[in-house]
Structures are given as C-alpha cells and as structure tokens.
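Report on the following structure.
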Amino acid sequence: MHFISLIAISLTTAITTVSAYPITGDSVNCRSGPGTSHAVLKTYKKSQDVKVTCQTTGTAVSGNNIWDKTSDNCYVADYYVKTGSSSYVTTPCGSSSGGGGSSGTGKAIIDAAEKEKGLPYVWGGGGCKGPSKGGFDCSGLTQYAICQALKKTIPRVAQDQYDTSMGKRYPRSEAKAGDLLFWATGGDCKNKVAHVGIFIKDGLMINAARTGTPVREQAIWTSYGGESICPYVMRFT
C-alpha cells in the first residue's frame, strides 16, 4: 500500500511539473497581453511545443477565455494549446509561485509598457485593451500598463491621471519604478498637464512622446516645448 502511494505521489508531481504543450492551430499569434487586441510579438507553428509559465483570463476564443503566458514572455489563447484540459493546468499569472510573480508591482507596470516598444505615437490611441489605430498616445500607454499590471482602470487623460484619488502622490525625488511622471504647459500642473510617462529609474523613463516617435525608453527631461516637469509623481501600486 505504501508503495502504491509513492507511485501516486510521483505521478502527481510529474503531471504538475509538465509545462510544454503543442500548438494545435496554424500560425497562432502570441501577444503582448491576454487578448486579441494586444500586439502580436511572436507566431507559433502548428505542433510547435511551447512552455507555459502561468495562465490568466482574457478575450474568449471559441468559448475559452484562458490565455497561456509562454516562456517567450507573451500570451497565446489556450484554445490553440493542447494542454489536455479546458481549465488551468498551472498557476495563475500573478501568484507567488507562478511565472507572473511581478504582477501588481512597479516592475510589472514597466514590463507591460516595454512590450509595446516600437509602436507609433497615435493621438488618442490606446487604453486598457491595448493599442488602437495602430499605437498609443502618452496617457493611453500609461492607462494600458497599469490596467495590465494592477488590474485597475485609471482615468484616460494625463490631467486626470495626475489628479485621481486612485493613486498617491509623492515628491519626484522619491520616485520608484512604475510611478507616473507628468509635464504641464507653463508648469501649471493644476490645470494644464499635457504629458505623462513611466519612471524606470533615475534619469530614465518609457513613454509615447509625440507624433513621429514610437513607444520608447528615453532620458527624463525637465522642460521641453513649453512644458515643465511636475513636482510630484503618482503611484498606483
């Protein structure tokens, strides 16, 4: 009886540690987030094995709303992955034991924005569901990154993101990874916030700056084109 129990334990361990599964569809897209509106980062061929690091919910595909985060750091619809189950086969993304352990942190906000690097600046573009009209504007990117990382929907425009009670203001000298930086026309942060970016570390941010530039990392500026940096950052973690 003891021997049989040991076999059962061994089999259970083997099942829970298996994480590579074949793709069942032709040219299956792996995206920057768990949904069909997110940017395509990679394409998998039929029968290609992918390693699933964690799972989460997103846009339903043929009735299945589970999305698998792969070792390529992108998301593929579970409908196209032969896991042998219609439910979770590994830990949820964001759990302490899963592949998304940074979820809910400043680093997770940065990571979400980083996945969109290279997309063009588009006035009014983007939001919680990802890019729209092919890209993001400044506040569309910040709203998207926080939606993805923290599962909360902050206001859409920069002034409202600076004013919202959903986060907490800190002096810019105390900025941490994932905090939002703001710039205002003529330095009037009370009424004329015109730009927002995401603080990475001292001297560096990621943002969608202006027409003609993509989502990118760049040096933090204090003033540019009549806009001056605001004295406070907003923290949502």
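I'd like to verify a number: residues in the range 206-228 that are of a type in the set (Ser, Thr, Tyr) and within 18 Å of Lys115 (Cβ to Cβ), how many?
1
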Hits in the range 123-140 - residues which are in contact (Cβ under 8 Å) with a residue 12 or more places away in the chain and either under 19 Å from Tyr232 (Cα atoms) or assigned to a loop (DSSP other than H, G, I, E, B) (or both) = Trp123, Gly124, Gly125, Gly126, Cys128, Lys129, Pro131, Gly134, Asp137, Cys138, Ser139
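Would you point out the residue of the range 144-156, among those that are farther than 15 Å from Val233 by Cα and not basic (Lys, Arg), that is farthest from the chain's Cα centre (by Cα)? Let's see the steps before the verdict.
Step one: list which residues in the range 144-156 are farther than 15 Å from Val233 by Cα, which gives 144-145, 147-153, 155-156.
Next cut, not basic (Lys, Arg) only: 144-145, 147-150, 153, 155.
Numbers: Tyr144: 7, Ala145: 5, Cys147: 7, Gln148: 4, Ala149: 5, Leu150: 9, Thr153: 13, Pro155: 17 Å.
If we take residues in the range 144-156 being farther than 15 Å from Val233 by Cα and not basic (Lys, Arg), then Pro155 is farthest from the chain's Cα centre (by Cα).
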key: Number of the condition not met by Gly178 [criteria: (1) surrounded by fewer than 20 Cβ atoms within 10 Å (Cβ to Cβ); (2) at positive phi]   = (1)
request  = Name the single residue, out of those in the range 104-122 being part of a loop (DSSP other than H, G, I, E, B) and closer than 14 Å to Arg216 by Cα, that is nearest to the chain's Cα centre (by Cα).
outcome  = Lys115
Of all residues making up the range 176-222, the number that are of a type in the set (S, T, N, Q), farther than 21 Å from Ile110 by Cα and out of contact with any Gly (no Cβ under 8 Å at 6 or more places or on another chain) = 2
task = Just name the residue that is farthest from Ala219 (Cα to Cα) out of those in the range 154-180 that are assigned to a loop (DSSP other than H, G, I, E, B) and either among the polar types (S, T, N, Q) or not assigned by TED's automatic domain parsing to the domain that holds Gly127 (or both).
result = Ser165
query = When you go through Ser37, Ser71, Ser47 one by one, which is the residue that is surrounded by fewer than 22 Cβ atoms within 10 Å (Cβ to Cβ), closer than 17 Å to Pro131 by Cα and either touching a strand residue (DSSP E or B) at 6+ places or on another chain (Cβ under 9 Å) or of a type in the set (Lys, Arg) (or both)?
reply = Ser37
query = Scanning the range 181-208 for residues that are in contact with a helix residue (DSSP H, G or I) (Cβ under 7 Å, 6 or more places away or on another chain) and part of a loop (DSSP other than H, G, I, E, B), which turns out surrounded by the most Cβ atoms within 10 Å (Cβ to Cβ)?
reply = Ala208
inquiry  = Kindly evaluate Pro120 against the criterion of being within 14 Å of Ile229 (Cβ to Cβ) and touching a residue at least 60 places away in the same chain (Cβ under 8 Å).
reply    = no
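The values are calculated or read from the model by the stated rules, or taken from the named source; none is laboratory data. Quick caveat: nothing in here was measured; it's all calculated off a predicted structure. Cβ coordinates were reconstructed from backbone atoms using ideal geometry, including for glycine residues, and neighbour counts include every protein chain displayed.
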